[in-house]
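The values are calculated or read from the model by the stated rules, or taken from the named source; none is laboratory data. Values in this document were obtained by computation on a predicted structure and should not be read as measured data. In this analysis, Cβ positions are derived from the backbone assuming ideal geometry, glycine residues included, and neighbour counts consider all displayed protein chains.
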């Protein structure tokens, strides 16, 4: 079983750390594909320069020009490239953000976990680190899972929906601390469930979507870190990405209920708690006015509120304007 590493590249200042982490994996990826979305093709230039070029000669690296049409389109391009690999894709893939770091045993432990059964997704724990890479805190994993005697757990969709979407919490993490079966590449290209878009929480949505077709593997070990910095979307609570994330919890709650993964009472309780928070935080934002006007009705479970919410959300999330990705241009390495 082999894995392909997909790097949606934009911030080149962490490149040396990322390459060092990949070179020191106890089991190296079969291939590493960078989609260079930087304004000046910084990644291909750095990878062609010494001493980096010689240092990574043992990694099978490919670089393509990024689409430069938004962060998630950079992800989508990589998923398409993975699916279209000559000779067929590897059994597994890993979306590794350019500022996150997997620890040396990351691939070894994930490959072992995938080998235990037909799992579409395996997630491992990770630290949240300072920009320097120093771990400083953990995610609030439910105690029953965090304190479990086993290091490898298999979790069902009902538990996952109830403990994440049903309480507006993501303790699973991000793409960088997860690996997927090749079959999930097409699924991740469509961030929706039951026709409900979850743009804004593409990572959590992908984990939950994967759990619909097979159980999710959870490695109860910290096998990497998520780097924090002032450049991240979460550093700007009034930015569009954070607005989307708040609204995506509504979308995931509704999808979970419609799919029978959340009880009606669970979904109603979460909306009653979440919707007033959204209205309070973003009610004065002009781009959120139409959506925030619906929050009281959604919170109260009024008839017709969901039907009013969905078309507005489809437009605001960008789902209604979604298009196929064009072919990527390869950039030379060597």
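Quick one: is residue 227 within 27 Å of residue 20 (Cβ to Cβ) and out of contact with any helix residue (DSSP H, G or I) (no Cβ under 6 Å at 6 or more places or on another chain)? Yes; evaluated as a whole, the condition is true for this residue.
Checked against the criterion of being more than 22 Å from residue 259 (Cβ to Cβ) and modelled with pLDDT under 95, the candidates 132, 176 yield just one match: 132. Counting the residues of segment 270-289 that are surrounded by fewer than 21 Cβ atoms within 10 Å (Cβ to Cβ), without any contact (Cβ under 8 Å) to a residue 60 or more places away in the chain and either under 23 Å from the mean Cα position of the chain (by Cα) or under 25 Å from residue 159 (Cα atoms) (or both) gives 2. Among the residues of segment 92-128, the ones that are surrounded by fewer than 20 Cβ atoms within 10 Å (Cβ to Cβ) and more than 17 Å from residue 4 (Cα to Cα) come to 4 in all. Of the residues 97, 111, the single one that is modelled with pLDDT of 95 or more and not in a loop (DSSP other than H, G, I, E, B) is 111.
Every residue, every condition in (1) closer than 25 Å to residue 203 by Cβ; (2) under 20 Å from the mean Cα position of the chain (by Cα); (3) assigned to a strand (DSSP E or B); (4) in contact (Cβ under 8 Å) with a residue 12 or more places away in the chain, yes or no:
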site: 29; (1), (2), (3), (4): yes, yes, no, yes
site: 43; (1), (2), (3), (4): yes, no, no, yes
site: 50; (1), (2), (3), (4): no, no, no, no
site: 57; (1), (2), (3), (4): no, no, no, no
site: 63; (1), (2), (3), (4): yes, no, yes, yes
site: 72; (1), (2), (3), (4): yes, yes, no, yes
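For segment 302-332, a residue qualifies if it is surrounded by 14 or more Cβ atoms within 10 Å (Cβ to Cβ) and either modelled with pLDDT under 75 or not in a helix (DSSP H, G or I) (or both), and the qualifying residues are 317, 318, 322, 325, 328, 331.
The single condition among (1) touching a residue at least 12 places away in the same chain (Cβ under 8 Å); (2) buried (at least 16 other Cβ atoms within 10 Å of the Cβ); (3) assigned to a helix (DSSP H, G or I) that residue 257 does not satisfy is (1). At least 3 residues being surrounded by fewer than 22 Cβ atoms within 10 Å (Cβ to Cβ) and over 12 Å from the mean Cα position of the chain (by Cα) is the threshold, and among the strands (runs of 3 or more DSSP E) wholly inside segment 150-227 those reaching it are 152-155, 216-227. Set side by side, the residues 119, 96 differ, and just one is assigned by TED's automatic domain parsing to the domain that holds residue 22 and farther than 30 Å from residue 38 by Cβ, which is 119.
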